[in-house]
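Working notes, beginning with the structure itself.
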Amino acid sequence: MRTVTELAARAEDVWRVYGEGEARVTALRGVSVGFRRGEFSAIMGPSGSGKSTLMHCLAGLDSVTRGTVRVGDVDVTGLGDKALTRLRRDRIGFIFQQFNLLPTLTAAENIRLPLDIAGRKPDPQWWETVIGTVGLGDRLGHRPSQLSGGQQQRVACARALMSRPDVIFADEPTGNLDSRSGAEVLGFLQRSVREYGQTIVMVTHDPVAAGYADRVVFLADGEIVHELAEPDADTVLDAMKGLEDSREPVHA
Ligand code: ADP
């Protein structure tokens with residue numbers, strides 16, 4: 001019998017070491033964390049704490065030095081390049097701070113691109129739902145340069161959602177947006193989790209953005225140091241302050 005895992009992605013005792021000798025940096029030190037299906041998780045932590053490294057390892061964009069990463073029931077650490085490319089294409093969606101849209105393609109073409117590359121057609125009903133939810137109906141023929149930052153990120157969200165991936169990884173998705181556009185994008189991500197059961201893992205340094213998640217995982221110096229369920233901006237800020245205080249050197 002096939003057991004269906006509750007976890008869309010997980011890291012088990014993951015270490016990532018860059019460089020050698022004096023240039024050696026340990027970015028992740030034995031991180032174990034799981035991300036449940038249908039949950040919106042945020043990864044927070046100071047600059048250099050290992051957030052991007054963890055996300056890249058989870059998404060198969062970077063290799064681990066030790067430990068295991070799984071997406072669904074697939075052991076990502078055991079895959080070759082071709083299988084990794086297929087896994088990323090078929091089972092993972094990405095949203096980046098810089099939107100990463102192709103400038104020569106229209107919004108609709110950008111949204112369809114991952115499916116085109118995979119030789120698949122969008123499900124017409126799902127297409128309508130996603131386009132309607134992100135509010136892009138009258139902008140589909142526009143090129144990225146004809147769209148605002150918020151609209152471009154909504155195109156990127158629609159692109160990530162269109163293939164109904166096992167998990168969407170979002171790297172500072174509101175980092176380049178004003179607060180109103182950021183709130184729109186975050187509201188849309190939250191809706192895709194609550195209404196359509198999408199799984200999202202988002203790296204952010206913004207407590208307001210993390211407040212949209214169902215759960216926040218805090219990293220410091222390559223280790224998970226804290227977790228918060230049902231966060232809002234205030235409880236996230238409090239947790240950040242508490243972590244900073246506990247890290248301050250004690251002077252005699
Ligand atoms: P964050 O996303 O929290 O800012 P990163 O995951 O980018 O942190 O980085 C964690 C640590 O690993 C930092 O000390 C960073 O300098 C180092 N690091 C990240 N990527 C590389 C790399 N490709 N080569 C060498 N060091 C790296």
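What to note about this one:
- The set of residues from the range 209-224 being open to solvent by 20 Å² or more (accessible area, probe 1.4 Å) and touching a Gly at 6+ places or on another chain (Cβ under 8 Å) comprises 212, 221, 223.
Matching residues to (1) aliphatic (A, V, I, L, M); (2) at pLDDT 95 or above; (3) under 13 Å from the mean Cα position of the chain (by Cα); (4) at negative phi:
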site: 130; (1), (2), (3), (4): yes, no, no, yes
site: 142; (1), (2), (3), (4): no, yes, no, yes
site: 147; (1), (2), (3), (4): yes, yes, no, yes
site: 155; (1), (2), (3), (4): yes, yes, no, yes
site: 164; (1), (2), (3), (4): no, no, no, no
site: 168; (1), (2), (3), (4): yes, yes, yes, yes
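- Where residue 72 falls short, out of the listed (1) open to solvent by less than 10 Å² (accessible area, probe 1.4 Å); (2) within 16 Å of the ligand (Cβ to nearest atom): (2)
- Test: residue in the range 84-97 that is among the polar types (S, T, N, Q), in a helix (DSSP H, G or I), at pLDDT 95 or above and open to solvent by 60 Å² or more (accessible area, probe 1.4 Å): no
- When the range 16-54 is filtered for residues that are assigned to a loop (DSSP other than H, G, I, E, B), touching a Lys or Arg at 6+ places or on another chain (Cβ under 7 Å) and more than 8 Å from the ligand (Cβ to nearest atom), only 39 remains.
Residues checked against (1) touching a strand residue (DSSP E or B) at 6+ places or on another chain (Cβ under 6 Å); (2) touching a residue at least 12 places away in the same chain (Cβ under 8 Å):
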| residue | (1), (2) |
| --- | --- |
| 119 | no, no |
| 122 | no, yes |
| 133 | no, yes |
| 138 | no, no |
| 141 | no, yes |
| 169 | yes, yes |
| 174 | no, yes |
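- The number of residues in the range 175-196 being farther than 15 Å from residue 93 by Cβ and hydroxyl-bearing (Ser, Thr, Tyr) comes to 2.
Each row is one residue, and each column tells you yes or no for (1) of a type outside the set (Asp, Glu); (2) over 19 Å from the mean Cα position of the chain (by Cα).
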{"position": "188", "(1), (2)": "yes, no"}
{"position": "195", "(1), (2)": "no, no"}
{"position": "218", "(1), (2)": "yes, no"}
{"position": "234", "(1), (2)": "no, yes"}
{"position": "238", "(1), (2)": "no, yes"}
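- Residue 13 meets the conditions (1) within 24 Å of residue 81 (Cα to Cα); (2) within 13 Å of the ligand (Cβ to nearest atom) in every case but one. The failed one is (2).
- Condition broken by residue 155, with the remaining ones in (1) open to solvent by less than 20 Å² (accessible area, probe 1.4 Å); (2) part of a loop (DSSP other than H, G, I, E, B); (3) more than 19 Å from residue 55 (Cα to Cα) satisfied: (2)
- Restricting attention to the range 176-199, the residues being open to solvent by less than 40 Å² (accessible area, probe 1.4 Å) and assigned to a loop (DSSP other than H, G, I, E, B) number 3.
- The range 202-229 - residue that is among the small types (Gly, Ala, Ser) and part of a strand (DSSP E or B) and, of those, nearest to residue 35 (Cα to Cα): 229
The values are calculated or read from the model by the stated rules, or taken from the named source; none is laboratory data. The shown structure was predicted, so the numbers you read here are calculated from the model rather than taken from an experiment. Counting neighbours? That spans all protein chains shown, and the Cβs are built from the backbone with ideal geometry, glycine included. Accessible surface areas use protein heavy atoms only, side chains included; no ligands, DNA or RNA. Shrake-Rupley method; radii C 1.70, N 1.55, O 1.52, S 1.80 Å.
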